1. For the range B:6-68, what class follows from the C-alpha gyration tensor (a ≥ b ≥ c being the square roots of its eigenvalues): rounded when a/c is under 1.5, otherwise prolate if a/b is larger than b/c, else oblate?
2. Given the protein chains as shown and a 1.4 Å probe, how many square angstrom of A:Trp157 are accessible, to the nearest 10?
3. Would you rank B:Arg205, A:Arg112, B:Arg134 by solvent-accessible area, highest first, keeping every protein chain in place and using a 1.4 Å probe?
4. So how exposed is B:Ser27, as accessible area in Å² (1.4 Å probe, rounded to 10)?
5. Bin all alpha-carbon pair distances of the protein assembly as shown at 20 Å intervals from 0 and give each bin's fraction as a whole percent.
6. Within chain B, which is the longest segment that contains none of the GluC sites (Glu not before Pro) sitting in a DSSP loop with at most 14 other Cβ atoms within 10 Å?
7. Calculate the dipole size of the protein assembly as shown relative to its Cα centre from +1 charges on Lys and Arg beta carbons and -1 charges on Asp and Glu beta carbons; express the result in debye to the nearest 20.
8. Which Cα, out of A:Ser63, A:Ser41, A:Leu52, lies furthest along the positive dipole direction of the range A:6-68 (beta carbon charges, K/R +1, D/E -1)?
There are 2 protein chains.
Amino acid sequence: MTAPTLADQIANRLRHAILLGELAPGSSVGERDYAQKMGVSRTPMREAIRILAKEGLLVLRPSFSPVVADPSLKQVEDELTIIRALEVLSGELACAHATEAQIGAIRALHERMVVLAETEEMLQFFETDMAFHRAIARASDNARLDELHGQLLARLWRVRFLSARQAWDRDRVLKQHTLIVAGLEARDADLVRLETDSHIQHIKRNIQGHFRRESL
Amino acid sequence: MTAPTLADQIANRLRHAILLGELAPGSSVGERDYAQKMGVSRTPMREAIRILAKEGLLVLRPSFSPVVADPSLKQVEDELTIIRALEVLSGELACAHATEAQIGAIRALHERMVVLAETEEMLQFFETDMAFHRAIARASDNARLDELHGQLLARLWRVRFLSARQAWDRDRVLKQHTLIVAGLEARDADLVRLETDSHIQHIKRNIQGHFRRESL
DNA sequence: CCTCGCCATTTGGTATACCAAAAACATAGC
DNA sequence: GCTATGTTTTTGGTATACCAAATGGCGAGG
């Protein structure tokens, strides 16, 4: 039973489809439909749906088929507010508890981003960005914080990806990441806190701009 | 389908049993056993187990029956660290966004605690304490924050209940709550942040003491 | 007496059949 | 032509049967 359960596999496939936009927000995901569509029975599909619902990618409504979540700007802002608090906390804790190896890994991810920024590998750049922040959370030596942070990031994956398409933003991201890495290496909690906070604030503004643009 | 599903009902019953200590940490909760024990089939029981697992009250292990969680001191501390960050954030946001009615409700809960402190209604005192903190989170005008905070509190319900049995602690709790209420009414984010932080730190020390006492 | 391996039992995972409620549609009455 | 109502269909919820894997006991062999 070490193999991932069918429900997990399906959840993963569905998650990918949702994040990549193959399943548009608002699409309904009926148990029967998708169970057949993916060649499994309703039981694991049902479980997969519950998993994604808990993650916030699907919303369940009584008497209706589950629907791909379509978060409002306020919801995204609220979530980012929480992420900001958790990342600031992660940074502080990482300054105190991170091993040198962990900080090295963070720096490595940062340097990978610098390289990727030159190319047109948008997706890889973005995923490395996510990995960078995940690595900081992991270095907090607080497993639950890491887990929670991952959940929140996952939920915002798509909207962040869409809003991060502006290439002009990359320089700012890299500059801020540089400062965060420097802060971690110097174990300077104040610097990390400050830069992390500002970093997320900028992301929030970016997303606000994305929503504004989208609602034309 | 407005009625709560069987799975939810069972999850609630199990949750109660766990929090009240009727199901000792470490007890195994087999699907078949408990499905029969509670007079339902495996399907809703299975779902209930997943729900409680997501909440952290049960832990799932491949090839084994689920088991009632038995968090280590470090895990509890880690969780409290997160709760502290979220409650501080809640307090700040509440200062900015809470309606007068919400602050009134918070004060009312506080005053109810003052009354209950005189009696021996330990459980009610404790539940009002939880409600007090939940109310602040609700006043943050950030639904997701409220939800997350509730989840984290729920997970620590039992250990906090056990560690809060010391009556000598009530005065300190009430005093700190008084300051927090004052801070909210004055919309003084700094005061709220400070007192909330200190409040949770004290709770953490209490729990540390509880663990020390327990491990005799 | 100890150890290694096999088998039975128990576990969770999956498929499927059935049910009740609610939504959608069509039809009849106004 | 519109509304109200009854029927049909689709939905999720539940029960149950079956499967494969892992555990733990039991027995044979050392």
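1. Values: a/c = 1.37, a/b = 1.11, b/c = 1.24.
Taking the square roots of the gyration eigenvalues as a ≥ b ≥ c, the range B:6-68 is rounded.
2. Taking all protein chains as shown, A:Trp157 has close to 30 Å².
3. Numbers: B:Arg205 140, A:Arg112 115, B:Arg134 75 Å².
Greatest to least solvent exposure: B:Arg205, A:Arg112, B:Arg134.
4. Rounded to the nearest 10, the figure is 30 Å².
5. Going from the shortest bin to the longest, the percentages are 22, 56, 22, 0.
6. Details: sites that count: B:Glu22, B:Glu120, B:Glu121.
Longest gap between qualifying sites, sites excluded: B:23-119.
7. On the way: 58 positive and 60 negative charges, 238 e Å.
Rounded to the nearest 20 debye, it is 1140 debye.
8. Going by the charge dipole, the pick is A:Ser63.
The values are calculated or read from the model by the stated rules, or taken from the named source; none is laboratory data. Here the structure is a predicted model, which means the values were calculated and not measured. Ideal geometry is used to build each Cβ from the backbone, glycine not excepted, and the neighbour counts take in all protein chains shown. In case anyone asks, the SASA skips ligands and DNA or RNA and just uses the protein heavy atoms, side chains included. Shrake-Rupley method; radii C 1.70, N 1.55, O 1.52, S 1.80 Å.
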